[in-house]
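Before any comments, here is the structure.
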Amino acid sequence: MNPSQPDVAAEAPFPYTGPAELRQPIERALRAVADPELAMSIVDVGLVYGVTLRDGKAKVTVTMTSVACPVTEVILQDIEAELDRVIPPEMMIDVELVWEPGWNAERMSASARAFMGW
Amino acid sequence: MGARAAWMVAVALLLIGGVVGGLLRAGVAVPVPDARAWPGHAVLSHAFLMVCGFLGTVIGIERAVAAKARLAFAAPIASASAGVAALNGAPTLAAWLVVLAALSFVMVNASMLLRQKVAHIGVLLVGAAAWFVGALLHAWGGSAHGTGAVPWWFSFLILTIAGERLEMTRLMRRRAGAAASLYVVLGGLLLGSAAFSISATAGAIVFGGSLVALAAWLMCFDIARRTVASHGVSRYMAVCLLAGYAWLGIAGVAWMAAAVGHPLRDLALHALGMGFVFSMMLAHAPVVLPALTRVKVQFGRHFYVPLALLHASLAVRALASLSPEFLRAGALGNAVAMAAFLLTLLASSLAWRSKHRSGGHAVRAHD
């Protein structure tokens, strides 16, 4: 595939728009960020709403399961640190925390759901 | 001194004050300077220092960090000041500072409920309101009638934990009626707290029965049953949680037994305060501490040492009605467990630093 061609991957665990060659490294980077209580990655929990690489900016939209969670900032910093390893240095990284739409258990991956007894 | 360092010193002083007060109450000969008045004040204010001073401040900081609003720090500032006032022999000022802290905390939680209208935030808000009711009873009631505040203070801690656990149960397939049954149990807890001021016996029985029911609910529905099969810090947290739920059940039985005349008051208070609440704190500290202080910790099996010490010393303390020696040994063991936990955190943060010393990335542009 032509590297400059944007890849809108439907089969990815979250919507991704950007160069095809960066899709897997970014997914791996996000899978390295874990929810510590669950021993599960934020991707498996379904906290990643989407990744868009455009105009020199890598924008990642995520949510959390609770507004009362004090660990949110640490998770956001971990996301940024992991992306920092794979995103080209000239690109800005923007991790946005959103509350709409709200998280629900439907967003969990099949393996996460199996672990949690669904 | 930075704000984070100042908070750490304040929280540590409140904990030390509360623990010294508890040890002296239990009859442990703590070497405290004779010329100082604070150990005497710590004895009188032990429960106040532990619940409103130490735990109220830690929970207040946790919520303020999550709220990302400077104004939200008014609650922990007021509760920490209350603890300092209590240690300096100003109980009236301390009591009203906690009223202020609890009121601020109610507003922080109400603003969170507006942001995310979900059940578990509602439970956290009710927990904050329970603290406010307990604080008012304590401030108005004085030392003669202020004991009616204690079940409300505990309700604040229990609802805070229950709200956080309810949030996590969303990850599991829940049986029909699970959430509704939790609300009934928590309603019983509040009813017991309210009844305590009218009839201490009836209140304690309803309160204790609700604790037993809550322990059963958490054992059935909490994710710890699943995550105990995982590894590392997740498994450690699950072990802390499940051990805490066992003590919660024991505490409930002890509350009911103490209400009908059995000499189990110490067990009722400490199975709940130490066995349940402190177990939750031990569970979450490796994860929450970096969020509050930006000090990261390297998790390892050594975290199980203070946990084992806590539960073993509580088991000794549970025999306090047989001999004061068990009370003294158990209370001392509880304090040693807490000291061991603080040392574990310190050693783990140093281990993390040495492991990541060579790390670091080039700085890139940010929005």
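The values are calculated or read from the model by the stated rules, or taken from the named source; none is laboratory data. Predicted, not measured: the structure shown is a model, and the values here were computed from it. As a convention, Cβ positions derive from the backbone with ideal geometry for all residues, glycine included, and neighbour counts pool all protein chains shown. What goes into the accessible areas is simple: the full protein's heavy atoms, side chains included, and nothing from ligands, DNA or RNA. Shrake-Rupley method; radii C 1.70, N 1.55, O 1.52, S 1.80 Å.
Across 5 Å bins from 0, what is the distribution of all Cα-Cα pair distances for the range A:10-87, in whole percents?
Result, from short to long distances: 3, 15, 29, 27, 16, 7, 3, 0 percent.
Could you check how much of the accessible area of the range B:180-302 is carbon and sulfur, as a whole percent, using a 1.4 Å probe?
In the range B:180-302, the share of accessible area belonging to carbon and sulfur is 70 percent.
Anything in chain B that counts as a DSSP H helix reaching 24 Å or more along its axis (C-alpha) with Kyte-Doolittle mean of at least -0.5? List them, would you?
B:3-25, B:91-115, B:119-145, B:149-169, B:178-196, B:200-221, B:232-259, B:324-355
Counting only protein heavy atoms, what percent of the accessible surface of the range B:1-104 is carbon or sulfur at a 1.4 Å probe?
Roughly 70 percent, rounded to a whole number.
Can you tell me which lysines have their Cα less than 19 Å from the Cα of residue B:296? Leave out same-chain residues fewer than eight positions away.
Straight-distance partners of residue B:296: B:355.
How do A:19-31, B:207-219 rank on mean C-beta neighbours within 10 Å, highest first?
Top of the packing list down: B:207-219, A:19-31.
Return, for the Cα atoms of the range B:313-352, the radius of gyration and Dmax in Å, separated by a comma.
13.6, 44
Quick one: grab Rg to one decimal and Dmax as a whole number for the range B:1-88, Cα atoms only, in Å.
Just the Cα atoms of the range B:1-88 yield Rg and Dmax of 13.8, 43 Å.
With a 10 Å radius around each residue's Cβ, average the other Cβ atoms per peptide and rank B:91-97, B:183-189, B:132-138, highest first.
Values: B:91-97: 20.1, B:183-189: 18.1, B:132-138: 23.4.
Ranking the peptides B:91-97, B:183-189, B:132-138 by packing returns B:132-138, B:91-97, B:183-189.
As an exercise, identify the trypsin sites (Lys or Arg not before Pro) in the range A:44-109 lying in DSSP coil whose Cβ has no more than 16 other Cβ atoms within 10 Å.
Numbers: sites: A:54, A:57, A:59, A:85, A:107; in loops: A:85.
Of the trypsin sites (Lys or Arg not before Pro), the ones in loops of the range A:44-109 whose Cβ has at most 16 other Cβ atoms within 10 Å are A:85.
What number comes out for accessible area per residue over the protein assembly as shown if the probe is 1.4 Å? Units Å², please.
43 Å²
Do any trypsin sites (Lys or Arg not before Pro) in the range B:4-112 lie in a DSSP loop with no more than 13 other beta carbon atoms within 10 Å, and if so, which?
B:36, B:68
For chain B, what does the alpha-carbon gyration tensor say about shape, rounded, prolate or oblate, given a ≥ b ≥ c as the root eigenvalues, a/c under 1.5 as rounded, and a/b over b/c as prolate?
rounded
Determine the distance separating the Cα centre of the range B:243-320 from the Cα centre of the range A:40-118; give it in Å without decimals.
The two parts, judged by their Cα centres, are 33 Å apart.
Hey, got the average number of other protein chain Cβ atoms within 10 angstrom for residues in A:60-68?
Taking all residues of A:60-68 together, the mean is 6.
For a quick check of understanding: with a 1.4 angstrom probe and all protein chains in place, what accessible area in square angstrom does residue B:220 have, to the nearest ten?
Accessible area of residue B:220: about 60 Å².
For helix A:20-31, what angle does its Cα long axis make with the longest principal axis of chain A, in degrees from 0 to 90 and rounded to 10?
Approximately 30 degrees, to the nearest 10.
Among A:118, A:104, A:32, flag the residue with its Cα farthest along the positive direction of the charge dipole of the protein assembly as shown, charges on Cβ as +1 for Lys/Arg and -1 for Asp/Glu.
A:118
Can you give me the convex hull volume of the Cα atoms of the range B:154-220, divided per residue and expressed in Å³? Could you put the intermediate results ahead of the total?
On the way: hull volume 4.5 nm³, N = 67.
For the range B:154-220, the hull spanned by Cα atoms encloses 67 Å³ per residue.
Using only protein heavy atoms and a 1.4 Å probe, how much accessible area in total is buried between B and A, to the nearest 100 Å²?
3400 Å²
So what is the diffusion coefficient of the protein assembly as shown in µm² per second by Stokes-Einstein at 25 °C and 0.890 mPa s, using a Kirkwood Rh over Cα pairs?
104 µm²/s
Quick one: net charge around residue B:157, please, counting Lys, Arg +1 and Asp, Glu -1 for every other residue with C-beta under 14 Å from its C-beta.
0
Do any residues of the range A:34-54 lose at least 30 Å² of accessible area when the full set of protein chains is present rather than just their chain alone, and if so which, with a 1.4 Å probe?
A:36, A:37, A:38, A:39
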